[in-house]
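Structure first, then comments.
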Amino acid sequence: MILLGVNIDHCATLRQARYRDSAGGQVEPDPVALAERAERAGADGITVHLREDRRHIQDRDVWRLKESCATRLNLEMACTEAMTEFALNLGPQAVCIVPENRAEVTTEGGLDVVGGRERVEACVAAMNRAGIEASLFIGPDEEQVRLAADIGAPVVELHTGAYANAYATPGRRAEFERLREAAELAHGLGIKVNAGHGINYVNIAEVRTLPHLNELNIGHSILSRAVFTGIEEAVREMKARMNP
Ligand code: PXP
């Protein structure tokens with residue numbers, strides 16, 4: 001069975017749109033309450049990205065989720081000393097190390113493990129020592145996958161954004177093939193294979209056929225559907241499409 005990590009960042013995006021400077025009172029919607037409902041509907045984990053600019057998820061959300069999460073908390077984080085320290089203090093079950101660029105709307109590219117080897121290696125080593133499962137969010141690129149294995153990362157999350165963007169174009173086949181090859185390679189090197197970014201209720205029919213998939217992390221499309229159906233129905237429907 002492929003596991004589903006529900007990324008709830010955009011629940012906080014909606015809250016921040018109105019209550020950025022609020023000190024309390026009727027502050028809505030609450031990402032922690034959403035996470036509880038997503039778990040009740042079958043989410044296998046809750047994913048949040050504590051960005052350096054704190055544009056959506058706030059520190060307090062993450063600490064509250066640490067207390068309330070009944071499944072697995074996966075913290076997406078930039079590879080910085082401050083975030084490494086935060087994660088070690090928090091002690092989530094998992095972290096996903098992502099690149100972070102202040103101007104981007106969402107995480108746009110994969111991590112450059114080759115270019116930033118020393119920093120990434122130190123962060124992975126710290127997580128391994130603390131018993132926190134670290135994954136590296138990388139493009140489906142042979143060199144990045146091999147280096148992830150070399151530096152001792154137990155998991156990679158393959159960036160499915162290029163595939164999702166190419167979905168309605170002739171480039172889709174090639175992008176899918178890149179993901180397939182990267183998944184085979186990672187698995188062969190003893191690394192767990194997760195994937196995420198741009199996965200929706202349509203492309204999931206193909207994404208789910210990638211080999212060796214452990215977990216998919218999905219945010220935007222589930223939260224978008226939840227606006228119409230509620231989060232429980234949105235989670236149940238995605239899980240049914242992932243594991244028909
Ligand atoms: N995985 C990672 C590492 C991400 O950064 C994101 C986007 O925040 C996602 C998965 C989820 O992407 P989407 O919101 O497009 O489903």
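Residues are listed down the side, and each one gets a yes or a no for (1) at pLDDT 95 or above; (2) of a type outside the set (Val, Ile, Thr); (3) in contact with a Leu (Cβ under 9 Å, 6 or more places away or on another chain):
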site	(1), (2), (3)
10	yes, yes, yes
47	yes, no, yes
61	yes, yes, yes
93	yes, yes, yes
105	no, no, no
(request) State which residue is nearest to the ligand (Cβ to nearest atom) when the search covers only segment 184-200 and only residues that are within 17 Å of residue 211 (Cβ to Cβ) and free of Cβ contacts under 8 Å to residues at least 40 places away in the same chain. (result) 199
(request) Would you mind telling me which numbered condition in (1) in contact with a helix residue (DSSP H, G or I) (Cβ under 8 Å, 6 or more places away or on another chain); (2) not in a loop (DSSP other than H, G, I, E, B) residue 42 fails? (result) (2)
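Restricting attention to segment 204-225, which residues are assigned to a loop (DSSP other than H, G, I, E, B) and more than 11 Å from the ligand (Cβ to nearest atom)?
Taking segment 204-225 as the starting set, the residues that turn out to be assigned to a loop (DSSP other than H, G, I, E, B) are 208-212, 219.
Within segment 204-225, 208, 209, 210, 211, 212 meet the criteria.
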(request) Please name all residue pairs, on different chains or six or more residues apart, with Cβ atoms under 7 Å, provided the first residue is in segment 71-88 and is more than 17 Å from residue 137 (Cβ to Cβ) and the second residue is small (Gly, Ala, Ser). (result) 71/43; 71/45; 88/126; 88/130
(request) Have a look at 60, 117 and point out the one that is away from the ligand (no atom under 12 Å from the Cβ) and either in contact (Cβ under 8 Å) with a residue 12 or more places away in the chain or farther than 21 Å from residue 7 by Cα (or both). (result) 117
(request) Check segment 149-162 and report whether any residue there is within 19 Å of residue 243 (Cβ to Cβ), in contact (Cβ under 8 Å) with a residue 12 or more places away in the chain and away from the ligand (no atom under 15 Å from the Cβ). (result) no
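The values are calculated or read from the model by the stated rules, or taken from the named source; none is laboratory data. Note that the structure is predicted; figures quoted are calculated from it, not measured. Note: ideal-geometry Cβ built from the backbone for every residue, glycine included; neighbour counts use all protein chains shown.
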